[in-house]
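Heads up, the thing below is written out as structure tokens.
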Amino acid sequence: MQDRERIRREEGRTIGAMKEIANLLDLPKLERVEAYDISNISGFQTVGSMVVFEKGRPKRSDYRKFRIRGVQGADDYASMEEVLTRRLSHYENYPDLIMMDGGRGQVNIALKVMQQLNIEVPVCGMVKDDKHRTRGIYFHNVELPIDRDSEGFRLVTRIQDEAHRFAIEYHRSLRSREQVHSVLDDIPGIGPARRKALMKSFRTLEDIKSATEEELSEVEGMNSRAARQVFEFFHIAKNE
């Protein structure tokens, strides 16, 4: 009895929630959703994210991340246009719905790209309130309010939060690697090959700083002398 109730609740928050969204948008079916977001914190390298939900559940194997190549500065619309152009140009299986993190502006960018590529997929915006919480769905030039107590609303919130989380996570990983890259440039005897090997072996700058000489020397291309230079570089800096 408990198992049946648990399965019923789970279906309500996944498949049932997708049906609620489909009914709200008057879509014949809704099984696969792709959601997009942009992150450009502190003006550093802008990135885009795409997350996928199938039957109300995240399908992480289909997630995609995009490093923006052709946009200078923090321009979310131009960055989203690049992301969507790159993604939609290589479509094989179209989703039933594209969800944009934002309202009219981001939806119009998606519609523009699809028109250029002669693609037709329903697209909506996930609108936030002044406190950056999900407020409603923007669809066909109208913001549709959603019952905040409904499973459909909770699923939209999860999708929006997941797209944002994935973008931020990728952005932070790039910033961390950029930081490691710039600091290692200052260490004598650490050229491009050793720098790349260190960045591959240690996830963050803090991991390199806390490594022992022995651990550093075990990295491909390193020797005891290079390991000592890296170790002393960080430990001397700490003691000054």
ask   = In this structure, does LEU174 turn out to be surrounded by 14 or more Cβ atoms within 10 Å (Cβ to Cβ), among the aliphatic types (A, V, I, L, M), at pLDDT below 80 and touching a Phe, Trp or Tyr at 6+ places or on another chain (Cβ under 8 Å)?
value = yes
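Please enumerate the residues belonging to segment 147-163 that are more than 23 Å from PHE66 (Cα to Cα) and in a helix (DSSP H, G or I).
GLU151, GLY152, PHE153, ARG154, LEU155
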task = Show the residue pairs that are 6+ apart or on different chains and have beta-carbon atoms under 7 Å apart, the first residue being within segment 199-211 and closer than 16 Å to ALA226 by Cα and without any contact (Cβ under 8 Å) to a residue 60 or more places away in the chain, the second being open to solvent by 30 Å² or more (accessible area, probe 1.4 Å) and outside any helix (DSSP H, G or I).
result = ILE208/PHE202; ALA211/PHE202
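Being part of a strand (DSSP E or B), free of Cβ contacts under 8 Å to residues at least 60 places away in the same chain, hydrophobic (A, V, I, L, M, F, W, C) and within 22 Å of ILE119 (Cα to Cα) narrows it down to one residue among VAL52, VAL33, VAL83; which is it? Full working, then the answer.
Details: VAL33 fails: free of Cβ contacts under 8 Å to residues at least 60 places away in the same chain; VAL83 fails: part of a strand (DSSP E or B).
One residue alone meets the criteria, VAL52.
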task = Being surrounded by fewer than 16 Cβ atoms within 10 Å (Cβ to Cβ) and within 24 Å of MET18 (Cβ to Cβ) is the filter; apply it to segment 65-103 and report the residue that is modelled with the highest pLDDT.
result = TYR94
Selection within segment 114-146 - modelled with pLDDT of 90 or more and either open to solvent by 100 Å² or more (accessible area, probe 1.4 Å) or assigned to a loop (DSSP other than H, G, I, E, B) (or both) = GLN115, GLN116, ASN118, ILE119, GLU120, VAL121, PRO122, HIS140, ASN141
message = So, ASN108, is that one open to solvent by 60 Å² or more (accessible area, probe 1.4 Å), over 17 Å from GLN160 (Cβ atoms) and assigned to a helix (DSSP H, G or I) or not?
response = yes
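The values are calculated or read from the model by the stated rules, or taken from the named source; none is laboratory data. It should be emphasised that the depicted structure is a prediction, and the values quoted were computed from it without experimental measurement. Backbone-built Cβ (ideal geometry, glycine too); neighbour counts: all protein chains shown. Heads up: the accessible areas ignore ligands, DNA and RNA and are worked out on the full protein's heavy atoms, side chains in. Shrake-Rupley method; radii C 1.70, N 1.55, O 1.52, S 1.80 Å.
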